[in-house]
Amino acid sequence: MAKAKTTIFYCTECGNESPKWQGQCPACKAWNTLVEAPKEDKRSLPSAKKILPGTSSKPVKISEITQEKETRISSGFAELDNVLGGGIVPASLILVGGDPGIGKSTLLLQTAKNVAAAGHKVLYISGEESLSQIKLRADRVGEFSDQIRFLCETSLDVISEVLKEEKPEMAVIDSIQTMFREDVPAAPGSISQVRESTHVLLGLAKGLGITIFIVGHVTKEGTVAGPRMLEHMVDTVLYFEGDHQDTYRVIRGVKNRFGATDEIGVFEMRGSGLHEVKNPSEHLTEGRAAGSPGSVITCVMEGTRPVLLEVQALVARTHYPNPRRTAVGVDFNRVNLLAAVLEKRLGLRLSECDIYINIAGGMRLSEPSIDLAIIMAMISSYTDKPLPERLVVFGEVGLTGEIRSVTQDRKRIAEAEKLGYEMCVMPKTNAEKLKNVSGIRLTGVSSLAEVSKII
Ligand code: TYD
Ligand code: MG
């Protein structure tokens, strides 16, 4: 008799299962993401009813659902509370992802400290650091109250027992990749361990009413289970971004069942841990080499918040048969597209030039409103003429060279005005709407030809 197959292939991106290995995941079409793992035992998975107390098998009307008043706990950081949608929701499961060394453990240690200082019981569980290492870090970030306890443990069976006994209001699990369940025959960090461990934590969070923060490492290779798969299971997903050389760290809400996504919080890593940056625009534009060609200030919307930052371009004659194009902080294909539009519409000979685009401060942007800033920075670098220092630029650029309008123009202008900018180049439709509103000089443009004229 043929032996029953005991392993199966999982996609590290979407968690889809396939019976045999394939180069491409049939569900999400990602390449090289399938890894082999033991087949999960369906019986061991807790049912929704077990995870979510208060659910019954009987359908109910909306009027019959009783709701307790939601009381959120402050993390002690206004920046983090804002990303979470107004504070920490009790009994929620929150995933904090990011590159190694970006500051996840530090942020959660400080959050745990603040929550404990407000009188809540907190348990900080680390599977990565010893107690003395935690103490070293703790000494850097300040005084801790007795409400917070520390535990070094990687076995989830032990952790479950401790949480059931201690019943803290908040717990930190650092990190999910080090946790394991004894009854799952796979190594810690593998897909099945990570998924099973998260299931247990989900049950504990909902069943005991504990808010659990989970740290997840992101790996480029996808050899260990990436937090991607976890995103479906948790309530909130936060990602830490930032340049390792730079001290600024941005925390971004990617998924939030209790608030808006795409909000950001800005922090600065100092010798004494992370500190909030209340006015990111000021920090992201300071230290700018004013008066040099290829630098321009733009205003992007990060969630509900306008942020000013510097876009830099370097356009230089190439020495290679194929010119080099590099984009840091913006989509590489977008830069190529804008370069092609510039070449076609204004006749700049960019195909003979290397182009480097950089967003200062390590921010990653995906908003189309930065198009115009990239275009103007490229023209400025190409012609070697600096742009005025007190100028802000925003607008989307289309393939025919038209400048398209952007949303939230009023907020962007207000932020620029607050920081003392005197001129703004923006889409004509936006400028006409705001003609009498602001104290800043607005120049509306509707095509690239007009842009090159004003430069
Ligand atoms: P850490 O929180 O350990 O990162 P992660 O958990 O995401 O891997 O942060 C580590 C980095 O932060 C490390 O390079 C040292 C730096 N750091 C400071 O600069 N100041 C501090 O007060 C602390 C605690 C860490
Ligand atoms: Mg860490």
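Residue by residue, segment 297-307 carries 3J(HN,Hα) couplings of 9, 10, 10, 10, 9, 10, x, 9, 10, x, 10 Hz when phi is fed to the Karplus relation 6.51 cos²θ - 1.76 cosθ + 1.60 (θ = phi - 60°); x denotes Gly or Pro. I'd like the orientation of helix 371-383 relative to the chain: the angle between its Cα long axis and the longest Cα principal axis, in ° from 0 to 90, rounded to 10. Taking the Cα atoms of the chain, the angle to 371-383 is about 50 degrees. Taking only protein heavy atoms and a 1.4 Å probe, the accessible area of the chain is 52% carbon and sulfur. Rounded, prolate or oblate: pick one for segment 72-278, where a ≥ b ≥ c are the square roots of the eigenvalues of its C-alpha gyration tensor, a/c under 1.5 means rounded, and failing that, prolate if a/b is larger than b/c, else oblate. It comes out rounded by the Cα gyration axes. In this simple spin-label model, placing a label point 7 Å from the Cα along the Cα-to-Cβ direction at both SER447 and ARG364 gives a separation of 3.7 nm.
Looking at segment 307-453 alone, DSSP beta bridges between its own residues are antiparallel in about 45 percent of cases. Using only alpha carbons, the chain has a radius of gyration to Kirkwood radius ratio (Rg to Rh) of 1.03. Helix 131-141: angle to the longest alpha-carbon principal axis of the chain, degrees 0 to 90, nearest 10? Helix 131-141 sits at roughly 40 degrees to that axis.
Heavy atoms of the protein chains alone define the surface here; on that basis the chain has 48 Å² accessible area per residue at 1.4 Å probe size. Cysteines of the chain lacking any other cysteine Cβ under 4.7 Å from their own Cβ: CYS152, CYS299, CYS353, CYS424. Taking 23 Å as the limit for the C-alpha separation, the pairs LYS167/LYS255; LYS385/LYS453; LYS278/LYS418; LYS278/LYS433; LYS113/LYS135 exceed it in the case of LYS167/LYS255; LYS278/LYS433.
Each label point was placed 7 Å from the Cα along the Cα-to-Cβ direction; for SER63 and PHE332 their separation is 5.9 nm.
Helix 409-418 and the longest principal axis of the C-alpha atoms of the chain enclose an angle of approximately 80°.
The values are calculated or read from the model by the stated rules, or taken from the named source; none is laboratory data. A quick note: this is a predicted structure, and the numbers were derived from the prediction, not measured. Cβ coordinates were reconstructed from backbone atoms using ideal geometry, including for glycine residues, and neighbour counts include every protein chain displayed. All accessible areas refer to the heavy atoms of the entire protein, side chains included, with ligands and DNA or RNA removed. Shrake-Rupley method; radii C 1.70, N 1.55, O 1.52, S 1.80 Å.
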